[in-house]
Every structure is written in structure tokens, then in C-alpha cells.
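First comes the structure, then the notes that go with it.
The values are calculated or read from the model by the stated rules, or taken from the named source; none is laboratory data. All values reported here derive from a predicted model rather than from experimental measurement. Accessible surface areas use protein heavy atoms only, side chains included; no ligands, DNA or RNA. Shrake-Rupley method; radii C 1.70, N 1.55, O 1.52, S 1.80 Å.
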Amino acid sequence: PITSGELLCLGSSLAFSGLFYYLYRRKARVVARIQEAPKLQVDDDLPALVSAAEGRCLPYVALEGIVLPAQAALTSHYHEGLQGVIQKLLLKEHRLIWNSLARSW
């Protein structure tokens, strides 16, 4: 005889397993799209390629090329001879609307 507590535990376990498998599969598809991203060179043809794309945006691409720092390159404290740069970020704020029901913006 199976008790109602055991059935509840079994049902919740199956529900959580299904949810986590769904999330895993969704993230695996995103990772596959990133791994299949086309590799583009940073050259004079890149702005024309971006402007010709739908919505003037390339969803997943890997850019290869030489990057020059705006000021000084960052050097690694852990690996000698390893340098890097920081990408300049553009922050675009969207208009916020007050939601009186949730009391949030």
C-alpha cells in the first residue's frame, strides 16, 4: 500500500525533474547556437555587414581580430605576458511605467 505522502513526494519529484530537464534542454539549445556562431573578422567590411543585417543586429557572432586599447592595456597578475582590454558598454534605459498593482516600476 502506497500512502498519500509518498504519492505527493513522487509527484513533486517528477514535476521538478520535468521542469529541470526542460530548462536544461532550453539552455543546451542556446549553447549550440553560440557554438555554431559564424566567425567574422574585424575589418572595413564589418559595418556594411551589420547595416545589411535584419534589424541592424547580428544575434550570435564571434569576432576575431586585433583590438587596440583606448588607454593602457590591462595586464594579468597571474599569467605573465597576458593582456586584455575592457569593452565599452552602452546602457540604454527604457521608459519605466509605474505598476500600481505590483507597486513597482
Q | Carbon plus sulfur fraction of accessible area for the chain, probe 1.4 Å, in percent | A | 60
**Q.** Calculated diffusion of the chain, Stokes-Einstein form, Kirkwood radius summed over Cα pairs, 10 °C and 1.306 mPa s, µm²/s
**A.** 79
(Q) Quick check on the chain: helices-only [θ] at 222 nm, where DSSP H runs of length 4 and up contribute -39,500 (n - 2.57) each and the sum goes over total residues. Nearest 500, please. (A) -12500 deg cm²/dmol
Q) GNM, the chain, Cα, under 10 Å: largest mean-square fluctuation among ILE86, ILE66, ILE34? A) ILE86
(Q) If you count only protein heavy atoms with a 1.4 Å probe, what accessible area per residue comes out for segment 4-84, rounded to a whole Å²? (A) 91
Q. Please state the relative contact order of the chain as a whole percent: Cα pairs under 8 Å, 6+ residues apart?
A. 15
